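Each remark here refers to the structure printed beneath this line.
No value in this document is a laboratory result; all are computed from the given coordinates. Note that the coordinates shown come from a computational prediction; the quantities given were computed from them, not determined experimentally.
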């Protein structure tokens with residue numbers, strides 16, 4: 001008799017031609033995401049290999065605008081074990097690839113309104129590494145508590161509707 005395997009829950013945030021590498025789940029709790037933007041990232045070979053194995057941390061990462069360019073700072077991509085001499089610095093700033101009009105628009109929002117650029121997830125689309133960057137406003141402690149209450153009520157309602 002064959003065992004019935006559990007069906008994997010499908011991630012609704014990723015389209016079929018994307019492969020999710022890392023998701024910054026804490027960002028959704030700490031920040032209110034106002035707008036998102038997909039951008040490319042400049043990587044070296046050993047970083048790509050390390051990304052494909054999932055060795056990345058977005059916990060302390062943020063976007064910084066410097067001299068008309070957007071940089072990903074604080075993102076930790078571990079060294080690739082098989083690239084001994086040609087390895088990369090795990091915490092180095094990485095340049096994000098955006099059009100000039102996008103840089104101006106998001107730079108103006110982030111600078112004028114006191115918002116933060118936060119990487120929400122990193123994924124591969126058609127073999128190319130992409131970063132979903134969010135323009136975010138920090139939440140206060142009472143906002144976080146209110147959101148947790150709303151999520152609990154929404155979850156309980158969905159559970160009750162499924163049982164009927």
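Just want to confirm a number: the relative contact order over segment 19-159, from Cα pairs under 8 angstrom separated by 6+ residues, in percent. Each step should come with its number before you reach the end.
Values: 248 pairs, mean separation 46.6, N = 141.
With pairs under 8 Å counted, the relative contact order is 33 percent.
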With bins 5 Å wide starting at 0, give me the P(r) of the chain over every alpha carbon pair, in whole percents. 1, 8, 14, 17, 17, 14, 11, 8, 5, 3, 1, 0, 0
